[in-house]
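One structure is given here, and the rest of the page talks about it.
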Amino acid sequence: MGISCYKEVTVWNNPEFRVPAHIYLFDGKSNALAYAKESNGEIFIFKKPLPMDTRRRKFIKVKHKELDAYGATVVIEEPDLTNTPHWSVKSDSGKTYTVTLESGRYTCNCIGFAYKNKCKHSEEIKKAQEK
């Protein structure tokens with residue numbers, strides 16, 4: 001994963017409900033960093049990454065000169081897990097996620113956990129640690 005631009009191409013069933021097809025700059029974790037307006041290409045940069053629900057929406061990867069240039073300057077800090085219990089979990093799709101234990105709570109950096117505050121990766125580690 002990495003910082004990439006995606007254009008929304010969702011076809012909405014309700015003709016009275018129109019969502020603009022902006023081009024978004026994502027951080028690779030469904031957080032929008034910036035977007036270019038569909039109507040005039042004006043760039044908006046968020047002060048902090050904005051979690052975006054991408055379920056039931058479709059996007060295609062695109063090149064966007066200004067957003068790509070901005071994305072090349074963004075530094076996403078990885079958390080320091082030196083003093084935090086953590087485990088790497090390989091998913092069925094082959095991706096590797098990190099489950100951490102903080103304040104007695106298991107968390108995961110997968111997209112499912114971001115939406116539901118639970119996932120099979122964190123549950124798997126929790127059950128293994130309880131044994």
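Which number in (1) surrounded by 14 or more Cβ atoms within 10 Å (Cβ to Cβ); (2) without any contact (Cβ under 8 Å) to a residue 60 or more places away in the chain marks the one condition that Asn109 misses?
(2)
If you take the residues in segment 1-28 that are closer than 21 Å to Gly112 by Cα and surrounded by 14 or more Cβ atoms within 10 Å (Cβ to Cβ), which one is farthest from the chain's Cα centre (by Cα)?
Of everything passing the filter in segment 1-28, Glu8 is farthest from the chain's Cα centre (by Cα).
Out of the residues in segment 49-107 that are of a type in the set (Val, Ile, Thr), outside any strand (DSSP E or B) and over 17 Å from the mean Cα position of the chain (by Cα), state the one that is modelled with the highest pLDDT.
My answer is Thr84.
This table checks each residue for (1) part of a strand (DSSP E or B); (2) of a type in the set (Asp, Glu); (3) more than 20 Å from Ala69 (Cβ to Cβ); (4) not assigned by TED's automatic domain parsing to the domain that holds Ile60.
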residue	(1), (2), (3), (4)
Val11	no, no, yes, no
Pro15	no, no, yes, no
Arg18	no, no, yes, no
Gly28	no, no, no, no
Glu38	no, yes, no, no
Gly41	no, no, no, no
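Please verify whether Lys61 is of a type in the set (D, E, K, R), out of contact with any Phe, Trp or Tyr (no Cβ under 6 Å at 6 or more places or on another chain) and not assigned by TED's automatic domain parsing to the domain that holds Asn109, treating the condition exactly as stated.
In short, no.
The values are calculated or read from the model by the stated rules, or taken from the named source; none is laboratory data. Values in this document were obtained by computation on a predicted structure and should not be read as measured data. Positions of Cβ are generated from backbone atoms using ideal geometry, with glycine treated the same way; all protein chains shown enter the neighbour counts.
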